[in-house]
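Participant: Below are the structure tokens for one structure; questions will follow.
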Amino acid sequence: MKLRQFRYRAVITLDPARPGPSVLHPPARQYPNHTHALVVLAHSLNEADRYKYFPAETSWDGGEVLHPGDHAVVTVTVTDDEAAEFLGTGQEITLWSGGEIGHGTISRRIFNEYGPC
């Protein structure tokens, strides 16, 4: 069985660095382009009390590293058949990397000339 891959554009903000790490907020990190270190948490588009964590590849134009406090327009690639039930235009997301490290909003789903990615 092959899982489908979904791609979305999103506007994200990484939380500013905090004075001391906690269980919910891990120590500040840097994130290189094409990182697999970020996990996307999203609530269902149809059932508000249902949510899911999606391992993802996050990439952006340019080669700069993202730091705490940065804002960026990114491409989020998720390989999960349920992605379309949780991720859609206008959907708010939370970014995790050992704890909550940021948030964002899905701006659109990316399609290629052959249909959905």
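Readers should treat all values here as calculations from the given coordinates under stated rules, not as data from a laboratory. Keep in mind the model is a prediction, meaning the values are calculated, not measured. All Cβ positions, even for glycine, are placed from backbone atoms using ideal geometry, and neighbour counts span all protein chains on display.
Participant: Across the stretch 76-93, in residue order, what do the Karplus-derived ³J(HN,Hα) couplings come to in whole Hz, using 6.51 cos²θ - 1.76 cosθ + 1.60 with θ = phi - 60° and x for Gly and Pro?
Facilitator: Those phi angles translate into 10, 10, 10, 10, 6, 5, 8, 3, 5, 7, 10, 10, x, 3, x, 6, 7, 10 Hz.
Participant: Right, here's the next one. Can you give the net charge of the other residues whose Cβ lies under 9 Å from the Cβ of ILE110, counting K and R as +1 and D and E as -1?
Facilitator: Spelling it out: positives minus negatives among the neighbours equals +4.
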